[in-house]
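See structure below.
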Amino acid sequence: MCYRQLGIRSSDTSNARGAAVMRRLVYLPGVFDPGISQRRYMRIVERDFDIDAFLQRPLFAHLATVSEEGPCESPVWFLWEDHALWLIADEHSSYAKRLEKDSRAAVGIVDFDLERGFLQHVGMRGTARVFPMDKQRLQRLLARYLGPESEWDDWFKQNVIDRQSRMIQIMPSTVVARDQSYFRGKLRD
């Protein structure tokens, strides 16, 4: 990814504006194929809180993709690992098929508690790649939502989990992390 794709003119990298922009870029070492020589950066547009800590919570993500009929949205479970969001899909998942045709994706993840006035949001735009299932990564993803495998419901395991055959990697190019809590500074316990 070049500076221009990140909204940075080459003249900006040597002045104060460029320095400020570069501080918001996160270098992503070794997260793509070793054959790719370009460095990958994730541009942090806004960061009100620790993004990595937020993405460790077992929240639902809303995946936005495009189709011939227009935009599509799918609620999904995710795993944040190696500076990427990992999702699961079976062979019939329409969002996986859409991403194979057009890899552009956006993801929104919200943690909201009305009683406490708590509202945090992470939004990402990036590209997706579909891979065969990685059983170890699948186990880590599912443990976030379901607990240890010994506690998984047999019906759910046979009819949902065992049918998952693909992993989707979303590599974010831009990230926004906003705290819009309305009792900010004095959250209710």
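Could you tell me which of the residues 59, 63 is within 24 Å of residue 181 (Cα to Cα) and touching a helix residue (DSSP H, G or I) at 6+ places or on another chain (Cβ under 7 Å)?
Selected residue: 63, the only one of 59, 63 that is within 24 Å of residue 181 (Cα to Cα) and touching a helix residue (DSSP H, G or I) at 6+ places or on another chain (Cβ under 7 Å).
Any idea how many residues of segment 81-117 are part of a strand (DSSP E or B) and in contact with a strand residue (DSSP E or B) (Cβ under 7 Å, 6 or more places away or on another chain)?
Total meeting the criteria: 16.
Give the residues of segment 112-161 that are of a type outside the set (Lys, Arg), within 28 Å of residue 46 (Cα to Cα) and surrounded by fewer than 16 Cβ atoms within 10 Å (Cβ to Cβ), sorted by residue number.
Once the filter is applied, which keeps residues that are of a type outside the set (Lys, Arg), within 28 Å of residue 46 (Cα to Cα) and surrounded by fewer than 16 Cβ atoms within 10 Å (Cβ to Cβ), segment 112-161 yields 112, 113, 114, 115, 117, 127, 145.
Are there any pairs with C-beta distances below 9 angstrom linking a residue in segment 89-110 that is under 17 Å from residue 171 (Cβ atoms) and modelled with pLDDT of 95 or more to a residue that is open to solvent by 60 Å² or more (accessible area, probe 1.4 Å) and part of a loop (DSSP other than H, G, I, E, B), with the two at least 6 apart or on different chains, and if so which?
109/57; 109/60
So, residue 165, is that one in contact with an Asp or Glu (Cβ under 8 Å, 6 or more places away or on another chain), open to solvent by 20 Å² or more (accessible area, probe 1.4 Å), more than 16 Å from residue 48 (Cβ to Cβ) and hydroxyl-bearing (Ser, Thr, Tyr) or not?
yes
How many residues, within segment 57-82, are at positive phi and open to solvent by 60 Å² or more (accessible area, probe 1.4 Å)? Spell out the reasoning first.
The first filter runs over segment 57-82 and keeps only residues at positive phi, leaving 70, 82.
Filter again for open to solvent by 60 Å² or more (accessible area, probe 1.4 Å), leaving 82.
Within segment 57-82, residues that are at positive phi and open to solvent by 60 Å² or more (accessible area, probe 1.4 Å) number 1.
The values are calculated or read from the model by the stated rules, or taken from the named source; none is laboratory data. Here the structure is a predicted model, which means the values were calculated and not measured. All Cβ positions, even for glycine, are placed from backbone atoms using ideal geometry, and neighbour counts span all protein chains on display. Ligands, DNA and RNA are stripped out before the accessible areas are found, and what is left, the full protein with its side chains, is counted by its heavy atoms. Shrake-Rupley method; radii C 1.70, N 1.55, O 1.52, S 1.80 Å.
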